[in-house]
Structure formats: C-alpha cells, structure tokens
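The structure appears below as structure tokens.
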Amino acid sequence: MMLSPFCYVNNANKIPKDGYLFQVPLFCKRSFNQKCKSYYDEIREKEGFSCCPYGFASLGIKKSSLVYIFTCLNLERVSNNKLIRKRITKKDSILKFSIENFKNRIEYYLGIETNFLEAKLEKEKYGELNSSINEKQDFFDNIFHELRKLNKQLKREIEALIKECNIGKISLEQINNKSQHIFAISQLITIRLNTFDFNQNPDLIIEGNQKDTIIFGKFKKIMHCLEYTAQLKNINLNINGKTTCKIKAFDIFELLPYLYIENAIKYSPDSHT
C-alpha cells in the first residue's frame with residue numbers, strides 16, 4: 001500500500017500503521033496485544049465495517065484481489081464511543097466521520113492507489129520488455145559482427161587463392177588446402193546463421209528427424225573450421241577419442257562442439273596445445 005491518509009493494517013504483521021494525515025492512537029501503540037492480533041486475524045479477509053474490542057472502527061475493502069484494512073477510526077454508528085473516550089488523549093489526531101463521508105474519502109484514495117499500482121505494473125512490464133529488447137539487440141550485434149568478420153576472412157582467402165592461381169605459383173596440394181580452409185570458413189558462417197535461426201524460432205531445434213551422428217567426426221570437423229583462429233594465437237589443436245562412437249541427435253548438436261572448441265581457443269593462453 002502506498003501512503004494512506006488513514007491508519008491501516010499491514011497483513012504481514014497485523015500491526016496498525018500511521019497514515020500521513022491520521023496517526024495510530026497512543027493507546028493502540030502501547031497496548032497492542034494478543035486480543036488485537038486475533039481481531040485483525042478475523043477481519044483480514046472480511047469486507048465491510050467492524051469494531052475492535054477497544055471501540056475503534058475498521059473497514060475492509062477488496063480491490064483487485066487485495067483487501068485493504070483501514071483502522072483506528074471513529075465512525076458514527078460503528079465505533080463504540082464510550083470505549084473510545086476512555087482511550088484517546090489530546091495528542092491523538094482522531095476525527096469523527098459519518099459512514100458516507102468516510103466512504104467517499106476512501107474511494108477517492110483507492111482510486112489514486114489503483115492508478116499508482118497500474119502505473120507501477122506498466123513500468124515493470126516496460127522495464128522487462130526493454131531488457132528483453134536490449135538482450136536481443138546484443139545478440140544480433142554479436143552475430144552480425146561475427147558474420148562480417150568471417151565474410152572478410154572468406155573474401156581475403158578467396159582473393160589470395162585466385163591471385164596465386166593466376167600467377168601459376170601454387171601446387172595442387174596447396175589449392176586443396178586453401179579450398180578446405182575456405183570451406184571451413186563457410187561452415188562457420190553456416191553455424192552462425194543457424195544460431196540466429198534457432199534463437200528466432202526455437203521450434204527449429206527439434207524439427208526434423210534425429211540422425212546417426214559420429215561425435216568424433218563432428219568435433220574433428222569443427223576443429224578444422226577453427227584451425228585458422230587457433231593459429232592466430234599459436235595454439236595447437238589435438239583431439240583423441242573413439243572414432244566410431246555414434247548417437248542419435250538433431251542438427252543443433254553441431255553447435256555443441258563448436259562452442260567447446262571456440263571457448264577452449266578463446267580462453268587458452270597463447271602458444272599452448
């Protein structure tokens with residue numbers, strides 16, 4: 001509950017709280033006991049007017065699944081005036097209201113409270129949406145940055161191969177090696193595009209049938225694709241394991257060895273194996 005002009009009860013501890021216009025009577029602050037707690041337990045889900053054991057009135061109003069309890073009130077035809085007079089002092093800021101007058105004031109306040117809560121909810125939704133948009137933007141920026149980098153690398157390798165072929169100073173074995181490297185770069189571009197597709201449409205992850213997948217072969221393929229990246233850090237890539245081990249897997253499985261090997265290169269010290 002935001003600031004209330006009248007005293008109210010917090011359901012968590014059942015203790016009356018000061019409003020910004022009216023404060024809890026000194027008697028209620030000093031003498032709050034088990035009888036008071038039992039009273040607020042009884043009315044916590046109750047709508048309408050009630051009178052506490054010491055004569056003060058309370059009002060429960062339900063709004064949007066919440067029950068607001070206003071208390072320590074002096075209301076005509078609800079409060080026990082004889083009991084109240086014994087317990088209030090000159091320091092207490094308690095005014096007597098008719099039921100109609102008090103209801104009008106409460107409805108006005110609850111209208112403000114409802115608008116405040118709705119605005120707060122909208123702000124939270126906007127914050128969540130904005131956070132989601134920022135995450136998406138970061139993801140897109142990273143993907144396109146990698147694609148531009150790979151495209152630049154692919155263009156450089158193709159231009160170098162064409163140039164060497166034109167001057168005739170390249171062997172068939174060198175052509176084959178460079179072609180394999182160009183193919184590896186194109187595979188990395190494909191993996192990046194697949195990552196984008198899976199992010200945009202998660203249903204694609206399990207689309208199609210699972211295929212027999214040789215785990216060693218997938219890691220070997222990705223290792224070859226990332227060989228150039230490893231060479232830039234002077235890192236040697238080696239792989240050991242059973243070459244015939246198979247599993248049933250969807251196409252997305254190829255992202256797994258890529259992530260493992262890429263991170264191994266990224267976080268390994270230079271000039272290591």
For segment 201-273, what number of Lys pairs, 8 or more residues apart or on separate chains, have alpha-carbon atoms under 25 Å from each other? 21
Multiply the residue gap between Ile158 and Tyr228 by 0.36 nm, knock off their C-alpha separation, and tell me the result in nm, one decimal place. 23.7 nm
Checking a compactness column here: for the chain, what do you get for Rg(Cα) / (2.2 N^0.38 Å), N being the number of residues? 1.97
Helix-only CD estimate at 222 nm, as mean residue ellipticity for the chain, using -39500 (n - 2.57) per DSSP H run (n ≥ 4): -19000 deg cm²/dmol
Within segment 80-101, backbone nitrogen closer than 17 Å to the virtual label 7 Å beyond the Cα of Arg30 toward Cβ: 84-94
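Let's test the formula: R0 of 30 Å, r as the Cβ-Cβ distance of Asn10 and Ser132. What FRET efficiency results, to the nearest 0.05? Write out the running numbers ahead of the final one.
Numbers: r = 33 Å, r/R0 = 1.12.
With a Förster radius of 30 Å, E is 0.35.
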At a Förster radius of 30 Å, what calculated FRET efficiency corresponds to the Cβ-Cβ distance of Phe140 and Glu173, to the nearest 0.05? 0.15
Taking the simple approach of a point 7 Å from Cα along Cα-to-Cβ for both Asn263 and Ile99, what is their distance in nm? 6.7 nm
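The numbers here are math on the coordinates, done by the rules we state, and not lab data. Bear in mind the structure is a predicted one, so any value in this text is a computation, not a measurement. Cβ coordinates were reconstructed from backbone atoms using ideal geometry, including for glycine residues, and neighbour counts include every protein chain displayed.
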